[in-house]
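**Q** There's a structure below that I have some questions on.
Read the figures in this text as sums done on the coordinates, not as results from a lab. Just so it is clear, the structure is predicted and the values come from calculations on it, not from any experiment. Note that we place each Cβ from the backbone using ideal geometry, even for glycine, and neighbour counts take in every protein chain shown.
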Amino acid sequence: MRRVFPVLSACLLAGFLLSGADTPKSAFDKPTLEAYLRHLFILPANLTVTVNDPKPAPMPGFKEVRVRIAQGPQFQDVVLYVSNDGKHIVQGSFFDITQNPFKPDLDKLKTNYQPALGTAGAPVAIVVFSDLQCPHCKGEAEMLRQNLIQNYPTQVRLYFKDFPIESLHPWAKAAAMAGRCVYAQKNEAFWEYHDWVFAHQDALTPQNLKDQVVGWAKGAKDVDALKLGACIDNKSTEAEVDAEMKEAQELTITGTPTMFINGRKISQTIDWPNLKNIIDQEIEYQKTAKNAGDDCACDIKLDVPGLQQNKTPMVPPAPTLFSTRNCWPIERDR
């Protein structure tokens, strides 16, 4: 009898292992999918992988699974389409030829009650997510202010949204909140504030920001300095800035400046000739497409080795289209 039990136990164990080996793997099993992706993308152990629950996909026979790969405040979201049997994975963008190709981001972009320039109802709507303390945002803001409305007085509508990167810029959120206080008084005054902050970026600190802003307001047209100071002290606009930051995260924005041109995401700084090229093409396209623009009623990173990067479609000349200058949650190039 002493020999029977070890043999029986071994047979049961072998049967269990064989049964486990025969169990089909499924991408809907989160540990299985994580292990597969770590091997596929060569992900080191210090990167966290979070697999979200599946949700309906825009194409039949698949479900959408979002995976976040992160290291501290940096992250990259990967969208996967998993076949209903869990056997096949498709990575990349899904397009419906009957819809604007940038509709998913257009659906997320909210422009109501945002500082704006240009003509309402213009065929091209540009939404910029910016950080008032970011030096690269300053350069792009100056380029936009010098060129955009002068060249497209009726064809472009520009919206400004705040995405202060607090881990890198200690007074950026406070400046964003103050800007919303100014905007509450007058839209035109916001743009004066916008230009002033970027022009005085190097002189501002967390300690002197309020005094400097109130001092500016005393000489600004259509701004009540006392009312502005009270708004800053009461943090009356913090919820508005928090909502903008949440929207930026939902749009998977990982650095500033980030621009959306009729939903097309430009996540690096861009020079004026190439921006003008995109705008001109969009104006022409919208003459017949009519599926984007201002109030069009359209129902708007972490580099991982081995992971295919989603690149913004390039506009010739490709070598000079984008700069790598951005403000990121973890500073890389300064």
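**Q** Ranked highest first by average number of other Cβ atoms within 10 Å, how do 238-245, 37-44 line up? Kindly include the intermediate steps, with their values, before the conclusion.
**A** Details: 238-245: 16.8, 37-44: 14.8.
So the order, starting with the most tightly packed, is 238-245, 37-44.
**Q** At 7 Å along Cα-to-Cβ for each site, give me the label-to-label distance between Lys186 and Ala199 in nm.
**A** Taking the simple label geometry, Lys186 and Ala199 are separated by 1.6 nm.
**Q** Multiply the residue separation of Leu47 and Glu250 by 0.36 nm, subtract the distance between their alpha-carbon atoms, and state the gained length in nm to one decimal.
**A** Details: separation 203, 0.36 × 203 = 73.08 nm, distance 2.05 nm.
This chain segment gains 71.0 nm when fully extended.
**Q** Per residue of region 48-64, in order, report the coupling 6.51 cos²θ - 1.76 cosθ + 1.60 (Karplus, θ = phi - 60°) as ³J(HN,Hα) in whole Hz, putting x for Gly and Pro.
**A** 8, 10, 10, 9, 7, 5, x, 9, x, 9, x, 10, x, x, 9, 10, 8
**Q** Evaluate the distance, in nm, between pseudo-label points positioned 7 Å from the Cα of Thr154 and of Lys110 along their respective Cα→Cβ axes.
**A** 3.3 nm
**Q** Let me ask another. Which FRET efficiency value, to the nearest 0.05, is calculated for Asp211 and Trp272 with the Förster distance at 45 angstrom and r the Cβ-Cβ distance? Walk me through the intermediate numbers first.
**A** Numbers: r = 35 Å, r/R0 = 0.78.
Efficiency, rounded to the nearest 0.05: 0.80.
**Q** Among the listed pairs Lys25/Lys108; Lys161/Lys235; Lys87/Lys265; Lys25/Lys265, which have their C-alpha atoms separated by more than 26 angstrom in this model? Can you show the working numbers first?
**A** Values: Lys25/Lys108 34 Å; Lys161/Lys235 18 Å; Lys87/Lys265 31 Å; Lys25/Lys265 36 Å.
Listed pairs above 26 Å: Lys25/Lys108; Lys87/Lys265; Lys25/Lys265.
**Q** Taking a threshold of 25 Å on the Cα-Cα distance, which of the pairs Lys30/Lys55; Lys103/Lys138; Lys110/Lys186; Lys246/Lys287 fall above it? If you can, show how the numbers build up before the last one.
**A** Details: Lys30/Lys55 14 Å; Lys103/Lys138 29 Å; Lys110/Lys186 19 Å; Lys246/Lys287 33 Å.
Too far apart for the 25 Å limit: Lys103/Lys138; Lys246/Lys287.
**Q** Taking H placed 1.01 Å from N in the peptide plane, check which residues at least 5 places from Thr269 or on another chain put their amide H under 5 Å from its amide H.
**A** Here the answer is Ser323, Arg325, since their amide H atoms fall under 5 Å of that of Thr269.
**Q** Cα centroids of region 234-259 and region 135-173: how far apart, whole angstrom?
**A** So the two Cα centres are separated by 14 Å.
**Q** Turning to a different aspect of this structure: Once label points are set 7 Å from the Cα along Cα→Cβ at both Lys25 and Asp295, what is their separation, rounded to one decimal in nm?
**A** With each label placed 7 Å out from Cα toward Cβ, I get 5.3 nm.
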